[in-house]
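Read through the structure below, which is laid out as structure tokens, and then see the notes.
Coordinate-derived values only; no laboratory data. Quantities reported herein were computed from a predicted structural model and do not represent experimental measurements. In this analysis, Cβ positions are derived from the backbone assuming ideal geometry, glycine residues included, and neighbour counts consider all displayed protein chains.
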Amino acid sequence: MKKIIIVGSGIAGVTAAENIRKINRDVEISIITDEKFYPYSRIKLSKYICRPFNIEELYLHKGDWYKEQNIKVVLSRELNKIIPEENSIVLSSGEKITYDKLILANGSSSFVPPIRGNELNGVFTVRKAEDINKINNYINEMKVKNVTVIGGGLLGIEAAWSIRENSNININIIEALPRLLPRQLDEEGSQILENIVNENNITLYKAYGVKEISGNSHVEKVILENGNEVISDLVIISAGVRSNIKAALDSKINANRGIIVDDRMRTNYDNIYAAGDVAEFSGNVWGIWPVAMEQGKVAGINSAGIEAHYNEITPSNLLQVMGVSVFSAGTINDKDAQAVKYDGIYSKLFFKEGLIIGGIVMGDTKKGFKIKTAIEQRRNFSKELLNNVDIMKII
């Protein structure tokens, strides 16, 4: 019987398994993960800071589903080595497992900048379920009163909001760039978001990086590059992620920022695929849910013997920030684009020669999917723009 091994239990790996099983009811499928838990929704983790956490609420499928689908899930095993010439992998337990097809969907890890003091007790990242348990336990045991989030990106802001929503802890956000969410919002949108952050009594430090995290046995303060000191009992570092490519590089699988794949998600070995945060397609490693899901689907279909091709999808984000829904898609920082504002907290569409290329909606985000679809379909609104039609109403 043919055997397909999937390394990684994120949305890319699970989507790959789902699509393999739809095509072939008999092939042996194993999902191998370094997690202690069945596959869960990682993007919702930060919502559980400072509140009761039950991992089963985040499961992508209930445990019985894997038995029903005859998919084996191997927990608490890291990928140590890939041996392409032998069609085998070696796990942290020492087990050597052979495969006919291998899908690498082992994602990424939190990037911790080389800041002095980043090893102190009380310094955390948010990437796995265990991180939430550790943060919540530390907050309770140390009676934390001041939290500093280093990084004003999506995950950092979501973590800060969860703490604000569920506690009376003082919160600081430190962002080295001049504004929040520069990849997801234009300058005006960033300013509106900053106003919302301030209204929720969160202190924002912009345009300066962190020089040092200071304390004796545990964190006590964060020192900025301009010399300002921020009292901190706990620090959450949210400075982006890096693809888990070490095993691939050691095995001479081509990789740059991620494992390089073609439009069938194949690596330089015909029977080894990669998908999700670990994969690099056409020079891009997006690290977002919709891309991981689509790449996992394509990798799964191809590994099952049916040809499928991945087309770069429009990057989009939908998140809750300080109680306000924020959606963005496509290109929103092109200075040559025509920008048109519409009603709402903040709604703006971006056009180039009539083609819609991007959009931002804050507040009522129900139109988000239609905006993303219009961008992908390369819809042209030249006539509507000329006649001042409210495109947000007709899209």
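Residue by residue through the stretch 330-335, which ³J(HN,Hα) values in whole Hz follow from phi under the Karplus form 6.51 cos²θ - 1.76 cosθ + 1.60 (θ = phi - 60°), with glycine and proline marked x?
x, 9, 10, 10, 7, 5
Post the alpha-carbon centroid distance, the stretch 320-354 to the stretch 272-294, in whole angstrom.
25 Å
How about the stretch 95-180: which trypsin sites (Lys or Arg not before Pro) there lie in a loop by DSSP and see at most 10 other Cβ atoms within 10 Å?
Filter output for the stretch 95-180: K143.
Could you tell me the largest-minus-smallest coordinate of the C-alpha atoms of the stretch 123-237 on each of the three principal axes, in descending order and whole angstroms?
The Cα atoms of the stretch 123-237 stretch 41, 30, 25 Å along the principal axes, largest first.
For the stretch 178-227, state which GluC sites (Glu not before Pro) are in a DSSP loop and have at most 15 other beta carbons lying within 10 Å of their beta carbon.
Passing sites in the stretch 178-227 are E225.
Using amide H atoms built 1.01 Å from N in the peptide plane, name the residues 5+ places from I357, or on other chains, whose amide H lies under 5 Å from its own.
Correct list: F350, F351, K352.
Quick check: the distance between the Cα centres of the stretch 368-395 and the stretch 141-160, to the nearest angstrom?
Taking the Cα centre of the stretch 141-160 as reference, the centre of the stretch 368-395 is 38 Å away.
Using the Cα atoms of the stretch 60-107 to build a convex hull, what is its mean projected area in square nanometres?
Mean projected area of the Cα convex hull: 4.2 nm².
Do any GluC sites (Glu not before Pro) in the stretch 1-80 lie in a DSSP loop with no more than 16 other beta carbon atoms within 10 Å, and if so, which? Intermediate results must be reported in sequence, preceding the final value.
Working: sites: E18, E28, E35, E56, E57, E68, E78; in loops: E35, E78.
Qualifying residues, ordered by number: E78.
What ³J(HN,Hα) values, in whole Hz, does the Karplus curve 6.51 cos²θ - 1.76 cosθ + 1.60 give for the stretch 388-393 when θ = phi - 60°, with x put for Gly and Pro?
6, 6, 6, 5, 4, 7
Can you list the residues, at least 5 places off or on another chain, whose amide H is less than 5 Å from the amide H of Y40, using H built in the peptide plane?
Under 5 Å from the amide H of Y40 lie the amide H atoms of L60, each far enough along the sequence or on another chain.
How large are Rg and Dmax for the chain when only the alpha carbon atoms are used, in Å?
22.4, 68
Could you give me D for the stretch 323-394, from Stokes-Einstein at 4 °C and 1.567 mPa s, where the hydrodynamic radius is the Kirkwood radius over C-alpha pairs? Units µm² s⁻¹, please.
In µm²/s, the coefficient is 107.
Whose amide H sits under 5 Å from the amide H of I173, counting only residues 5 or more places off or on another chain, with H placed in the peptide plane?
Amide H to amide H, under 5 Å and 5 or more residues apart or across chains, I173 pairs with V149, T203, L204, Y205.
Would you mind telling me which residue in N24, N254, N200 has the biggest mean-square fluctuation in a Gaussian network model of the chain, where springs connect alpha carbons within a distance under 10 angstrom?
Greatest mean-square fluctuation among the candidates belongs to N24.
Toward the positive end of the charge dipole of the chain, about the Cα centre and with charges on Cβ (Lys, Arg +1; Asp, Glu -1), which of I301, N388, I169 goes farthest?
The one lying farthest along the dipole's positive direction is I301.
Taking just the C-alpha trace of the stretch 1-86, give me its Rg and Dmax in Å.
For the stretch 1-86, the Cα radius of gyration and maximum Cα-Cα distance read 14.3, 48 Å.
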